[in-house]
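S.K.: Got a structure here, written out as structure tokens. Questions coming.
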Amino acid sequence: MEKKTYILASGSPRRIEMMKAHGLNPIICPADIIENSPVIGGMEETVMFLALKKAKAVEQSENRNIACGSIIIAADTVVYKDEVMGKPKDFEDGFKMLSRLRGTYHYVATGVALVEAGCQNARVFAEVTKVYFKNYSDEDIKAYLNTDEPYDKAGGYAIQGHFSKYIEKTEGSYDNVVGFPWSRIESELKKL
């Protein structure tokens, strides 16, 4: 990829780490938006809408000096099992989510927006991965919810964290479940 300035519209340590692991050192500018927007159509439309909303909020922010031609990368991830699930609000909400997901499968959708600042050039897409969970007990859920890990994660779990032992298998991009489908992002950046 040619030498560009990359701006990540997120403070997610996982997304920052992934970009750095692939040789990009982004400027971190978390988007200042309300993320609990209503569901727009299905899960893919919802995450694409939110990702673009984040990218545009960063591009249009008056208190940030965004150089024309910089590439703003924004992402939003949800879990879908009969309905869109965001991040758990509290212990009880997390318990409901993880109870609903046990012993079955669900979908993880990540929407990504790549916006070239100051230009009419953007790419917006969604990646979907199917995740199968093993069976686990109420005590397993409670023990997990007594850690800090689940509360900033869609669906209330981190595939790369302590909950990984309950993942039976995935169909699709593992990085997508982490919240940043890197292979697809890299491919779309080249097209941008």
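Throughout, read-outs are computed from the coordinates displayed, never taken from laboratory work. The model shown is predicted, which means the values in this text are computed figures rather than measured ones. Note that each Cβ is placed from the backbone with ideal geometry, even for glycine, and that neighbours are counted across all protein chains shown.
S.K.: Taking K and R as +1 and D and E as -1, what net charge do the other residues with C-beta under 15 Å from the C-beta of Lys165 add up to?
M.R.: Summing Lys and Arg as +1 and Asp and Glu as -1 gives -1.
S.K.: Continuing with the same structure: Report the full-extension gain for the segment Lys89 to Cys119: residue separation times 0.36 nm, less the Cα-Cα distance, to one decimal in nm.
M.R.: Length gained between Lys89 and Cys119: 7.1 nm.
S.K.: Turning to a different aspect of this structure: If I model a spin label as a point 7 Å beyond the Cα along the Cα-Cβ vector, how far apart are those points for Asp82 and Asp138 in nm?
M.R.: In this crude label model, Asp82 to Asp138 measures out at 1.8 nm.
S.K.: Taking a temperature of 20 °C and a viscosity of 1.002 mPa s, what whole-number D in µm²/s does Stokes-Einstein yield for the chain with Rh from Kirkwood over alpha carbon pairs?
M.R.: Calculated translational D: 126 µm²/s.
S.K.: Pick out which of Lys89, Lys53, Lys81 has the largest mean-square fluctuation in a Gaussian network model of the chain, springs linking Cα atoms closer than 10 Å.
M.R.: Maximum fluctuation in the GNM of the chain, among the listed residues, is at Lys89.
S.K.: Continuing with this model, one more query. I need the calculated FRET efficiency for the pair Asn25 and Ser164, taking r as the beta carbon distance and R₀ as 30 Å, to the nearest 0.05.
M.R.: 0.60
S.K.: If I model a spin label at Lys3 and Lys190 as a point 7 Å from the Cα along the Cα→Cβ vector, what separation in nanometres do I get?
M.R.: With each label placed 7 Å out from Cα toward Cβ, I get 2.2 nm.
S.K.: Starting from the Cα of Lys3, draw a straight line to each of the lysines and keep only those under 19 Å, dropping any in the same chain fewer than 8 residues away.
M.R.: By straight Cα distance, Lys3 reaches Lys20, Lys190, Lys191.
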